[in-house]
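Below: one structure, written as structure tokens.
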Amino acid sequence: MKFLIVEDDPAGAILLRMILTEYGDVDEVNDGPGAIEAFDGAWSEGRPYDVIFLDIMMPDMNGHEVLKIIRERERALRLPQIREVKVIMTTALDSAESVSQAFYEGRASGYLVKPIYGHSIINEMKKLGII
């Protein structure tokens, strides 16, 4: 299993990394442009990510924008939806608009509201059949 953490808060990234390393390889970036670069690089190497934990509120490029670009890249690769990377949005935003945008526009797989706890990460991955 290969994970990408996209999180600009070091404490949030540490928690995710501690849990995810039990299940596979973990890469980490702290902004949207870094996420796109990591996503493209993983495909170039022939080892795409299985799961991306994507913060929404980041400088330069927010998580919704990143997810839109990722889905565009997957369409360009002609991937069927079933093979798209699972993306779990992580955010302090619990608004209906943000949740709707994540699921309906970006086809996010999951949505975790901060503060995030270890058990909520595990439960979300179980719910999605990741572990």
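For region 90-112, state whether one or more residues are acidic (Asp, Glu) and in contact with a helix residue (DSSP H, G or I) (Cβ under 9 Å, 6 or more places away or on another chain). So that I can check it myself, show each step before the final result.
At the first step, the residues of region 90-112 found to be acidic (Asp, Glu) are 94, 97, 105.
Filter again for in contact with a helix residue (DSSP H, G or I) (Cβ under 9 Å, 6 or more places away or on another chain), leaving 105.
Among the residues of region 90-112, at least one is acidic (Asp, Glu) and in contact with a helix residue (DSSP H, G or I) (Cβ under 9 Å, 6 or more places away or on another chain), which makes the answer yes.
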| When LEU79 is evaluated against the numbered criteria (1) more than 23 Å from ARG107 (Cβ to Cβ); (2) surrounded by fewer than 16 Cβ atoms within 10 Å (Cβ to Cβ), which criterion, by number, is the only one it fails? | (1)
| Under 9 Å by Cβ, and 6 or more places apart or on different chains, what pairs join a residue from region 4-23 that is in contact (Cβ under 8 Å) with a residue 24 or more places away in the chain and crowded, with 24+ Cβ neighbours inside 10 Å with one that is in a helix (DSSP H, G or I) and basic (Lys, Arg)? | ILE5/ARG17
| request: Would you point out which residue out of ILE88, ILE56, ILE19, ILE69 is more than 25 Å from ILE131 (Cβ to Cβ) and either modelled with pLDDT of 95 or more or touching a Ser or Thr at 6+ places or on another chain (Cβ under 9 Å) (or both)? | output: ILE69
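From the list TYR117, TYR111, which residue is within 24 Å of GLY129 (Cβ to Cβ), aromatic (Phe, Trp, Tyr) and buried (at least 16 other Cβ atoms within 10 Å of the Cβ)?
Numbers: TYR117 fails: buried (at least 16 other Cβ atoms within 10 Å of the Cβ).
Result of the check over TYR117, TYR111: TYR111.
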| task | Just need a number here: residues in region 118-127 that are out of contact with any Leu (no Cβ under 8 Å at 6 or more places or on another chain) and without any contact (Cβ under 8 Å) to a residue 60 or more places away in the chain. | result | 4
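The values are calculated or read from the model by the stated rules, or taken from the named source; none is laboratory data. All figures in this text were calculated on a predicted structure; none of them were measured in a lab. Methodologically, a virtual Cβ is constructed for each residue, glycine included, from the backbone with ideal geometry; neighbour enumeration extends over all protein chains shown.
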